[in-house]
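Here the structure comes first, spelled out in structure tokens, and everything after it is commentary.
The values are calculated or read from the model by the stated rules, or taken from the named source; none is laboratory data. Quick caveat: nothing in here was measured; it's all calculated off a predicted structure. With ideal geometry, Cβ positions are generated from the backbone for all residues, glycine too; neighbour counts draw on all protein chains shown.
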Amino acid sequence: MDHHTAASSRDPRRSDSPPSAADAAPSVASTSSVVDPETIQRVPFKQEERQRAASTPGARQQDIGGENARAREKTRYRESAHRPLDPYTYAGARGWRRYRPLRPFWGIYHDIKRRLPYYPSDFTDAFTYRAVASTIRIYFVNLLPALAYTLDMHRRTGHFYGINEGLLASALAAGIFGLFSAQPITIVGVTGLISLFNYTIYNIITPYNATIYPQFMAWAGIWTAVFHWLVAITNLCDYMRYVTDFSSETFGMYVGIIYLIKGIEELVAEFDGSVTGGFMGIVVAMLYFGSVYTLEKFGSGLFFNPTVRGIVADYAYPIATVFWVGFCHIPGNLNDTDVQRLPITQAYRPSTDRDWVIDFWSLEAKWVLAAIPFGFLITVLFYYDHNVSSLTAQAKQYPLRKPGGFHWDFFLLGCTSFVSGVIGIPLPNGLVPQAPVHTDSLCVYQTNVQVIRTEDVEGEEIRRPKVRILNVVEQRVTHITMALLLFGTMSRPLLVVLGAMPRTIFAGVFLTVGWGSIEGNGITHKLVHLLSESRFRPPDDPLHKVPSSKITLYISLQLISVAACVAISQTVAAVGFPLLICALIPLRWVYFKRWFTEAELSAMDALTADSPVVLASLGGRPGGNGAATTELIKIESAREYKERHGGVQRQRAGSFHV
């Protein structure tokens, strides 16, 4: 997306303090791009000999562990830079105070205390066009995947979960988190992974007694809530500060592959109606995917001006959805083709003949106890999935001013899990692909012109855009409004509209989100670097200074982890895959130091949570029970290098930039 402000009204060289949301309120995106004097640099084209010399094994070995002076200067941090912004820290604690579980509610208390002063401004800051555009965009980005996942559950759980259940779960989570969470820009709703859990549990329960599935899932939700509350109360969310790009990228690639598999399965299911309808479904799904992809890419392109590009990217999903749904209803052969539609039911009623409250008290005690391990596994999944969603929504490229709170939000997630289990709807949690899209849609961007002058021809220069974020409109109105829109979608008129939607559209949604998660993944970036010819690799790229064998080993470990998670997800043991994902965190911290040097890890990996605003809620930067070292030199990572040279990457639905 391209939400720009006039560069002339603000010196682009001053980035020490972002403007308030109100300063950017009147602007949709307004002006033409300008030349940033800092981005003008002289880059001679005749560097082949120097690049070849730098890429030799001897030169590379000497250069390993070092960076150019500019990168070192920009990435040198002292203890004060990483010290938490408030008293919530375990650094220097002695005796029993060192142990987080022995200080219950401490993290929750500081989360609330830290965020509460900003609560009034969370509403007043929403008076800007960015909040309007963000609401519309995130409504579609949340609605369409939620319906796609619910459709998958509907087919695999004996029709227990339907459209109304998916809509109510998304609306409930959005309303509660919009009103009460410490970080309201983290989008919460129905995910593909909870869909995987729900129908896997159905496959486990069915051989014994399929009729107890609603009560069993209710107890699974209740136990999930209990484990969530225990984790939040005992401050265990602090360990999310140890999450690095190694596990985040692995998880993002896994999510992308699972979504692609779901999309293909949905297309195969189209042939259950008719062969003609199946082939038409494939064509429409691919065209839908191509439309959304092109429109969102248009937002970061060079056509027209920033205002037009921003508007097109803002409404990519609504434009593509309305167009292709209408396309399937064109009178004639298209309308007559037997394409399966979205199954709907009565307004504000469950999809099956039941009441909203599940009679969970009638379940036998043995099944109540059997639901405990499933509740624990869902908690492990949400511990990683939801917290990583929150981390990506607060990634360091976003200049956030308001703090978040992981402990309080995880406690709140336990509350939504309890309610969802009792009323028989899918358990909502943080949406990894959609969470950063919400933050991105609230960003006010500025596009500068980066001018590269050559030495070969006098006056010849190369111009390319360099995007920067001026500020983020941090508020909770978009989340609350989205909840109201989702709840209103359960009304009869809008359900009829949903019932006119071909199911193949949701296959296109799966493909779009899945491919976005793969294309924007750090694993893909490293593979492209590894496969590219060495002459054309930038000599100051941190990856250029890491031996190819080490990059290959690093990527191989990630791909093996992805393959293991995907393989187990296709079996009845799929409920155990969260344990594999969480095991990647200690694997990275315990064993990687034996296989890689510190300089190599700094170039290929980075902490997912690296912003002081985020680290404040997690007890500080990792290192000796939260303490910072006396002086920490952080070598620039490949991710930071890309942002420094090419500007901030735009988030598309599914793209996984952390």
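Could you say whether any residue in the range 327-339 is touching a helix residue (DSSP H, G or I) at 6+ places or on another chain (Cβ under 9 Å), among the aliphatic types (A, V, I, L, M) and modelled with pLDDT under 90? Within the range 327-339 (the criterion being touching a helix residue (DSSP H, G or I) at 6+ places or on another chain (Cβ under 9 Å), among the aliphatic types (A, V, I, L, M) and modelled with pLDDT under 90), the answer is yes, since at least one residue qualifies.
Looking only at residues in the range 299-310 that are in a helix (DSSP H, G or I) and surrounded by 19 or more Cβ atoms within 10 Å (Cβ to Cβ), which one is farthest from the chain's Cα centre (by Cα)?
Pro306
Which of (1) over 27 Å from the mean Cα position of the chain (by Cα); (2) in a loop (DSSP other than H, G, I, E, B); (3) under 29 Å from Lys262 (Cβ atoms) does Val432 not meet, given it meets every other one? Failing condition for Val432: (1).
Within the range 264-286, being touching a Leu at 6+ places or on another chain (Cβ under 7 Å) and surrounded by 24 or more Cβ atoms within 10 Å (Cβ to Cβ) holds for Gly281, Ala285. The helices (runs of 4 or more DSSP H) found entirely in the range 83-164 that carry 1 or more residues being among the basic types (Lys, Arg) are 106-115, 129-156. Against the definition (surrounded by 20 or more Cβ atoms within 10 Å (Cβ to Cβ), touching a residue at least 40 places away in the same chain (Cβ under 8 Å) and in contact with an Asp or Glu (Cβ under 8 Å, 6 or more places away or on another chain)), how does His110 come out, yes or no? When the stated conditions are applied, His110 passes them. Just one of the listed residues (Pro104, Pro117) is more than 22 Å from the chain's Cα centre (by Cα) and free of Cβ contacts under 8 Å to residues at least 24 places away in the same chain, and it is Pro117. For a quick check of your reading of the model, give me the residue pairs whose first member lies in the range 490-514 and is more than 22 Å from Ile425 (Cβ to Cβ), whose second is modelled with pLDDT under 90 and of a type in the set (Asp, Glu), with beta-carbon atoms closer than 6 Å and at least 6 apart or on different chains. Partner pairs satisfying both residue conditions: Thr504/Glu270; Ala507/Glu266. Under the condition of being more than 11 Å from Gly414 (Cα to Cα) and in contact with a strand residue (DSSP E or B) (Cβ under 9 Å, 6 or more places away or on another chain), which residue from the range 379-390 is surrounded by the most Cβ atoms within 10 Å (Cβ to Cβ)? Once the filter is applied, the top-ranked residue is Ser390. Only one entry in Ala574, Ala583, Ala564 is within 30 Å of Gly192 (Cβ to Cβ), modelled with pLDDT of 90 or more and either under 22 Å from the mean Cα position of the chain (by Cα) or in a helix (DSSP H, G or I) (or both), namely Ala564.
Going through (1) of a type in the set (S, T, N, Q); (2) in a loop (DSSP other than H, G, I, E, B); (3) buried (at least 24 other Cβ atoms within 10 Å of the Cβ) one by one, Ser420 falls short only on (2). For the range 377-417, a residue qualifies if it is part of a helix (DSSP H, G or I), more than 16 Å from Glu249 (Cα to Cα) and among the hydroxyl-bearing types (Ser, Thr, Tyr), and the qualifying residues are Thr379, Tyr383, Thr416, Ser417. Looking across the range 491-505, the residues that are assigned to a loop (DSSP other than H, G, I, E, B) and under 10 Å from Pro343 (Cα atoms) come down to Ala500, Met501, Arg503.
Among the residues of this structure, Val325 does not count as one that is in contact with a Phe, Trp or Tyr (Cβ under 8 Å, 6 or more places away or on another chain), β-branched (Val, Ile, Thr) and buried (at least 16 other Cβ atoms within 10 Å of the Cβ). Quick check, is Met240 within 27 Å of Asp359 (Cα to Cα) and surrounded by 22 or more Cβ atoms within 10 Å (Cβ to Cβ)? When the stated conditions are applied, Met240 does not pass them.
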